[in-house]
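Chemist: First the structure, then my questions, so here it is.
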Amino acid sequence: MIIMKSEASKEEIASVVKEIKKYGLKADVSRGEYRTVIGLVGDERKIDFSHFATLPGVKEAVMVETPYKLISREYSRRFEEEGERREIPVGNVTIGGDDPVFIAGPCAIESREQLFKIAEGVKKAGAHILRGGIFKPRSSVHSFQGLGSNGREEAEEALKWLYEAGREFEMPVVTEVRGETQIDLVAEYVDIMQIGARNMYDQDLLANVARKQKPVLFKRHFGAGIDEFLSFAEYIAAEGNKDIILCERGILPVGKGKNYTRYTFDVAAVPVLQKETYLPVLADPSHATGRRDLIFNMSCAAIAAGASGLMVETHYNPSEALVDAQQMITPDELKEVIAACRRIHQLVARGPESIG
Ligand code: PEP
Ligand code: MN
């Protein structure tokens with residue numbers, strides 16, 4: 001990265017950017033309170049750092065070894081004294097701000113009526129953002145794939161319901177984009193685009209979703225290490241889109257015997273991610289555990305671990321849901337989760353110094 005002097009002029013910054021492009025690299029310009037820092041996107045070995053250090057307005061040119069430098073705390077510390085803690089505004093909500101944010105809704109949207117009834121319920125329970133799957137990633141081709149699988153018309157109809165439910169109950173909305181052909185359509189109707197666990201490694205999907213310049217809810221693959229997860233988040237940042245919301249949703253369980261949970265909730269990943277990056281980190285206790293009876297405790301655990309919020313699958317009658325019935329809670333239960341999490345967040349989320 002190229003660290004500019006605090007008094008560097010616009011022209012000096014522009015000429016550094018021009019010089020970077022000459023090497024065939026892209027420049028990520030971050031203007032902070034203190035100074036401007038320019039991150040290099042591409043193979044840094046092509047660059048003669050000593051040459052950059054001599055350009056007018058340049059304070060320092062340093063090589064950063066981490067593969068996820070654009071989203072790293074180390075990078076943001078160069079332009080903000082304490083390092084940035086990114087707040088992502090979405091409609092009337094701020095993700096990564098002072099209060100925890102709750103995303104709730106069904107696993108899959110099944111009908112307009114089902115969605116509106118759930119939207120009303122989760123809003124009353126205190127949720128901020130409405131979710132609902134339209135393009136569902138499923139392990140079996142024989143199970144319900146979401147209304148999006150019935151063709152473009154039905155997909156668009158479901159997206160309109162989601163949009164309308166969001167407007168009616170004053171909640172921004174999020175849904176998953178499973179493939180590149182869905183990107184344009186989904187981007188028309190939602191506030192946040194979700195990339196699911198199974199697609200975490202799809203770098204073309206990531207880059208193309210990022211180019212819509214909308215916030216991206218990025219879920220960790222169940223087999224991915226934290227460094228891999230962040231390295232792929234960097235593909236989104238490299239498109240100039242830093243509105244990335246990381247989400248821990250459980251990793252593969254261990255042992256050959258009975259699995260008591262659907263995945264293993266990696267709660268420690270939450271504070272690790274918060275330390276490594278300046279991006280907000282959410283947790284999804286629904287997919288992580290796959291068990292309705294564990295949602296309350298694991299939600300509390302995630303917030304205690306420092307999560308900026310949760311995504312919780314919710315349904316007025318979980319047993320009738322076509323997808324993930326076993327892990328959904330009711331709006332009444334969600335209300336209890338939110339109340340408990342708010343208190344825990346106030347107590348611990350900002351670290352030991354926040355306990356008075
Ligand atoms: C989801 O949130 O709808 C989902 C399918 O989750 P994941 O990608 O984490 O499995
Ligand atoms: Mn689900």
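Chemist: In deg cm²/dmol, rounded to 500, what helix-only [θ] at 222 nm does the chain give when every DSSP H run of at least 4 residues adds -39500 (n - 2.57) and the total is split over its residues?
Modeler: Per the formula, -10500 deg cm²/dmol.
Chemist: A further question follows. Using θ = phi - 60° and the Karplus curve 6.51 cos²θ - 1.76 cosθ + 1.60, what whole-Hz ³J(HN,Hα) does each residue of the stretch 238-243 get, with Gly and Pro shown as x?
Modeler: With coefficients 6.51, -1.76 and 1.60, one gets 5, 8, x, 10, 9, 7 Hz.
Chemist: Select from the stretch 87-146 those GluC sites (Glu not before Pro) which occupy a DSSP coil region and have at most 16 other Cβ atoms within 10 Å, ordered by residue number.
Modeler: Filter output for the stretch 87-146: Glu87.
Chemist: With each label point set 7 Å from Cα along the Cα-Cβ vector, what nm distance links Tyr201 and Phe144?
Modeler: 3.0 nm
Chemist: Does the chain classify as rounded, prolate or oblate by the C-alpha gyration tensor (a ≥ b ≥ c root eigenvalues; a/c under 1.5 gives rounded; else a/b over b/c gives prolate, otherwise oblate)?
Modeler: prolate
Chemist: I would also like to ask the following. Name the residues whose placed amide hydrogens come within less than 5 Å of the amide hydrogen of Ile245, ignoring near sequence neighbours (fewer than 5 apart) on the same chain.
Modeler: Residues meeting the amide H criterion: Val216, Leu217, Phe218.
Chemist: Which of the chymotrypsin sites (Phe, Trp or Tyr not before Pro) found in the stretch 225-268 are loop residues per DSSP with 14 or fewer other Cβ atoms within 10 Å of their Cβ?
Modeler: Loop-located and lightly packed - Tyr260.
Chemist: Skipping prolines and chain starts, which residues have an amide H placed within reach, meaning under 5 Å, of the one on Tyr278, given they are 5 or more residues away or on another chain?
Modeler: So Tyr278 has HN proximity to Arg73.
Chemist: Looking at this model, which pairs from Lys117/Lys160; Lys5/Lys214; Lys136/Lys275; Lys22/Lys275; Lys10/Lys69 are more than 26 angstrom apart at the alpha-carbon?
Modeler: Violating the 26 Å limit, Cα to Cα: Lys5/Lys214; Lys136/Lys275; Lys22/Lys275.
Chemist: Hey, how many Å between the Cα centroid of the stretch 93-135 and the Cα centroid of the stretch 163-185?
Modeler: After rounding, the separation between the Cα centres reads 11 Å.
Where a number appears in this text, it was derived from the coordinates with a stated rule and is not lab data. Because the structure is predicted, anything quoted here is derived from the model rather than measured. Using ideal geometry, Cβ is built from the backbone for each residue, glycine included, and neighbour counts are taken over all protein chains shown.
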